[in-house]
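Undergrad: Sharing a structure here in structure tokens format.
The values are calculated or read from the model by the stated rules, or taken from the named source; none is laboratory data. Source: prediction; values computed, not measured. Because the Cβ atoms are built from the backbone with ideal geometry, glycine has one as well, and the counts that use them run over all protein chains shown. Quick note on the areas: whole protein, heavy atoms, side chains included, nothing else; ligands and nucleic acids left out. Shrake-Rupley method; radii C 1.70, N 1.55, O 1.52, S 1.80 Å.
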Amino acid sequence: MKDDRNKHKRLEDIFETHSRCSKPRRILIEGAAGIGKSTMCRKLAWEWSTHSECDKYRVNDFDLVFLLEARTMHGDIVHCIKEQLLPANVDSHDLQHLISELGGRVLIIIDGLDELPDDTCPAILQLLAGKEMRHARIVTTTRPGQPMCVTKFFDTYLVNVGFTEERAVQFVTKYMQATGTPMSYFSKLTEAIKHGSEIRDLTRTPLNLLFMCILSEDNKGIEFTTLTMLLRDVVDCVTRKFSAKKYGKVQSTDNKVLCDLGKLAVEGLLQSRLIFSKSVICAQYNNPDMFVIGFLTVDYSSSKLDPVEQCFFPHKCSRNFSPLFH
């Protein structure tokens, strides 16, 4: 990661002081799609929950850590914490009082600020501005493009720049070893990483690099050019595997299921929706293959109070690309 002065930072340094703030309480981490923002949030929460002895991320300093998904947040911060993480019998006033009492020993991690529903923005802006829970530490992640009226609330602003050349090559090597795939299948990919080709920027993103490794293995070596072509190759790979599993052999691309997914993605983009009701999709499309081909994730909502079965594209970039199927 880099700070706003272009200096490199490690994840374990995100809480450190700097010249403009002796005790950062509001920390913003920006990064492109697939760069690892959600993984980083889960890493911090996991380290705290397991009470890691080394504590290199310094999360053991906190008595409470709350990890929240911004896309499912509704209402004020106390309601969001209760809805996503706590039993129904927890009293809101007691929770508010406890967080206030603990002050700086509370860490709230909000993943995906750019996906925050419009009806929740005012309440969360109050939190970021320090008008609520002013002593609690807040770490938020977002894609690029947050307006100044939001970024001005943060004491620390960091950018996740993704894999270095060395880390990208290490990732490919680990994938090759884990899958037992011949090294020759990855020669074009590692060559492109090492010699600064046009796809070097794509390999900075872990999700893109994982796609490239899968495609290199599946095609016994492949040359990559652009992100659009990479995503097209991923779609072809997924549909081939789905066809082989469903019919016992590879058939032509199932245009019906891809078309329905494209319609759903267009609907989501037009309505700024990231989450869909499974029952509504079933009634509207009557196509059960939409849930098993691999482009939609089916899970229960994060609400502990009223869990319902929901569907969402596992990554925002897949939702943004899927309209091309339509």
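Undergrad: Quick check on region 221-300: what are the equivalent-ellipsoid semi-axes from the Cα gyration tensor, as sqrt(5λ), descending, whole Å? It would help to have the intermediate numbers written out before the result.
TA: Working: eigenvalues 113, 63, 21 Å².
Gyration-tensor ellipsoid for region 221-300: 24, 18, 10 Å.
Undergrad: Here is a follow-up. So if I place +1 on the C-beta of Lys and Arg and -1 on the C-beta of Asp and Glu, and nothing else carries charge, what would the dipole magnitude of the chain be about its Cα centre? I want it in debye, nearest 20. Kindly include the intermediate steps, with their values, before the conclusion.
TA: Details: 42 positive and 41 negative charges, 144 e Å.
The dipole of the chain has a size of about 700 debye.
Undergrad: Let me ask something else about it. In what sequence, highest mean first, do 118-127, 160-169 appear when ranked by Cβ atoms within 10 angstrom?
TA: So the order, starting with the most tightly packed, is 160-169, 118-127.
Undergrad: Run lengths n ≥ 4 of DSSP H only: what is the helix-derived mean residue ellipticity at 222 nm for the chain, with -39500 (n - 2.57) per run over all residues, to the nearest 500? Could you put the intermediate results ahead of the total?
TA: Values: 12 runs with 134 residues, N = 326.
My calculation for the chain gives -12500 deg cm²/dmol from helical runs alone.
Undergrad: Please name which of Gln271, Leu215, Val235 has its Cα lying farthest along the dipole of the chain towards the positive end, using unit charges on Cβ (Lys, Arg +1; Asp, Glu -1) and the Cα centre as origin.
TA: Leu215
Undergrad: Related question: Provide the percentage of antiparallel DSSP beta bridges, counting only those with both residues in the chain; round to the nearest 5. Numbers along the way, then the final one.
TA: Numbers: 11 of 30 bridges.
Taking every DSSP beta bridge within the chain, about 35 percent pair in antiparallel fashion.
Undergrad: Spin-label point model (7 Å from Cα, Cβ direction): what's the Thr226 to Asp299 distance in nm?
TA: Calculated label separation equals 3.2 nm.
Undergrad: Given a 1.4 angstrom probe, I'd like the percentage of the accessible area of region 129-265 that is carbon and sulfur, rounded to a whole number. Don't skip to the end; give the middle numbers.
TA: On the way: 3910 of 7380 Å².
Of the solvent-accessible surface of region 129-265, carbon and sulfur hold 53 percent.
Undergrad: Convert 4 °C to kelvin, take the viscosity as 1.567 mPa s, use the Kirkwood radius over C-alpha pairs of region 1-124 as Rh, and evaluate the Stokes-Einstein diffusion coefficient in µm²/s, rounded to a whole number. Walk me through the intermediate numbers first.
TA: Working: Rh = 15.9 Å.
In µm²/s, the coefficient is 81.
Undergrad: I'd like to compare 286-292, 104-110: which one has the highest average count of other Cβ atoms within 10 Å, and what's the full order after that?
TA: On the way: 286-292: 14.6, 104-110: 19.9.
Per-residue Cβ counts within 10 Å, averaged per peptide and sorted highest first, yield 104-110, 286-292.
Undergrad: So what J values fall out for region 70-81 if you push phi through Karplus, 6.51 cos²θ - 1.76 cosθ + 1.60 with θ = phi - 60°, rounded to Hz, Gly and Pro as x?
TA: So the J values, rounded to whole Hz, are 4, 5, 10, 8, 9, x, 7, 5, 5, 4, 4, 5.
Undergrad: Using only the alpha-carbon atoms, how far is helix 227-247 inclined from the longest principal axis of the chain? Give it as 0 to 90 degrees, nearest 10.
TA: 70 degrees
Undergrad: A follow-up question, please. To the nearest 10 degrees, how steep is helix 165-179 against the longest Cα principal axis of the chain, on a 0 to 90 scale?
TA: The helix 165-179 is inclined about 60 degrees to the chain.
Undergrad: Here's something else I'd like to know. Ratio of Rg to Rh for region 140-278, alpha carbon only, Kirkwood? If you can, show how the numbers build up before the last one.
TA: Working: Rg = 18.7 Å, Rh = 17.8 Å.
Taking Rh as the inverse mean 1/r over Cα pairs, Rg/Rh reads 1.05.
Undergrad: Let me ask something else. Can you give me the long-range amide H partners of Ile109? Hydrogens built in the peptide plane at 1.01 Å from N, cutoff under 5 Å, separation of 5 or more residues or another chain.
TA: The list, which skips near neighbours in sequence, is Phe66, Leu67, Leu68, Val139.
Undergrad: Summarise the accessible area of region 5-88 (1.4 Å probe, protein heavy atoms) by the percent that is carbon and sulfur. Don't jump to the answer; show the numbers that get you there.
TA: Details: 2070 of 4180 Å².
Carbon and sulfur together cover 50 percent of it.
Undergrad: Over region 196-291, with the other protein chains present, what is the accessible area per residue in square angstrom, probe 1.4 angstrom? Walk me through the numbers before you get to the answer.
TA: Values: 5120 Å² over 96 residues.
On a per-residue basis, region 196-291 sits at 53 Å².
Undergrad: Using per-residue counts of other Cβ atoms within 10 Å, averaged over each peptide, order 211-220, 93-102, 236-245 from highest down. Intermediate results must be reported in sequence, preceding the final value.
TA: Details: 211-220: 18.7, 93-102: 13.7, 236-245: 15.7.
Ranking, from highest mean packing down: 211-220, 236-245, 93-102.
Undergrad: Another question, then. Using only the alpha-carbon atoms, how far is helix 206-219 inclined from the longest principal axis of the chain? Give it as 0 to 90 degrees, nearest 10.
TA: Roughly 20 degrees between the two axes.
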